[in-house]
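This report concerns only the one structure given below.
The values are calculated or read from the model by the stated rules, or taken from the named source; none is laboratory data. The structure displayed is predicted, hence computed values, not measured ones. Counting neighbours? That spans all protein chains shown, and the Cβs are built from the backbone with ideal geometry, glycine included. Side chains included, ligands, DNA and RNA excluded: accessible areas come from the protein's heavy atoms. Shrake-Rupley method; radii C 1.70, N 1.55, O 1.52, S 1.80 Å.
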Amino acid sequence: MTVQKTERPPSGPTEVQTPEGGPRPSAPLKEPRRLAGLTPYLLLAPAIVATLLLLGWPLVNNGILSFQNLNMRQFILHLTEWNGFDNYKDVLTGEDFWRVTGRSVVFTAVNVVLIMVLGTLVGLLLARLGRKMRTFLLLGLVLTWAMPVVAASTVYQWLFAQRFGVVNWVLAKIGFESMADHDWLATQYSTFFVVLLLIVWMSIPFVAINLYAATTTIPKELYEAAALDGAGAIKQFTQVTLPYLKPFLYATTFLEIIWVFKAFVQVFTINEGGPDRLTEILPVYAYIEGMGNQHFGMGAAIALLTIVILLAITSFYLRIVLKQEEDEL
């Protein structure tokens, strides 16, 4: 008995014959693969170009301006007077800059703590409410969040106006007659109180909506298991809710530090850094020194130093967060 051997077909790609009998050349694959590798960079290119033009170029010009002695005289006569690091030396050796810096740090810390605590409570409340009440509260939060900053600042000026303000009228009606003509913008702390209320009121919606969205990612089975183990509301929050919310809390706190630290519009619109420049924070201080006093080079130097201080604060915060995450692992 003979066994007939059959040849195994080649495992590689078969050659396609052309009508003339020769092999058809295979299509080049390198070009599509190369284009596919460049696709992410091509998609990012418009955003990178816009960032460089809208942020990078002004920052470079600001840096160049900080090394010049530029006031109204040089500006009108188109003179360029380079003075090296004199602007930075004058700023860093003066008491005003460090006083405003300390004020800015304390102002940011108080605001961020209040925003995060109240925003977290509102976010947890959203998770507990029924559908109709949650929709109603979300609508109010979104409307607050969408209100322009200048418009909101103007409304707060009306609310706390000395003669016709709603706040003074309400306080007088409930028995505080001495508050009928109270000037809320006459002292440093009362002015900061008004600005603090404005910033916290405008910032709570962002934190609350983010935290509510984060609670929707927590599996309900974890709460059921914790309830079966006898965990109360506080224990469920610390052992189930909080671990899931930590990444959102870290990211939101990071953003709030940046936004509050550079809250120029609210502080300047309420009282222009007054009274007697006692409520100036670093962005307002840079604007008044540069545009108000027409020391444009010094204002540019203060602006760059503000960026450096903000980078230092945020890097310090990120370092603490990363260290805590490493310890938990």
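Tabulated results
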read-out: Two-site FRET efficiency, residue 265 against residue 171, from Cβ-Cβ distance with R₀ of 41 Å, rounded to 0.05; value: 0.90
read-out: Where the chain is the region considered: accessible area per residue in Å², 1.4 Å probe; value: 66
read-out: Apportionment of accessible area to carbon and sulfur, the chain, percent (1.4 Å); value: 68
read-out: Gained length - residue 86 relative to residue 242, 0.36 nm times residue gap less alpha-carbon distance; value: 51.2 nm
read-out: Charged-residue dipole, Cβ positions (Lys, Arg, Asp, Glu), the chain about Cα centre, Debye nearest 20; value: 1000
read-out: Among 143, 240, 298 - extreme Cα towards positive end, dipole of the chain, charges at beta-carbon; value: 240
read-out: Cβ-derived FRET efficiency at R0 30 Å, residue 151 paired with residue 233, nearest 0.05; value: 0.15
read-out: Protection proxy ranking of 100-112, 162-174, 236-248 - average other beta-carbon atoms within 10 Å, highest first; value: 100-112, 236-248, 162-174
read-out: Nearest-ten-degree value, helix 30-51 long axis tilted from longest Cα axis of the chain; value: 10
read-out: Region 56-326, relative contact order in percent, only Cα pairs under 8 angstrom and at least six apart counted; value: 29
read-out: Spin-label model distance (nm) - residue 45 vs residue 323, 7 Å beyond Cα toward Cβ; value: 4.4
read-out: Option label - Rg and Dmax of the Cα atoms in Å computed here, alternatives [x] 21.1, 66; [y] 30.6, 122; [z] 25.7, 88; value: [y]
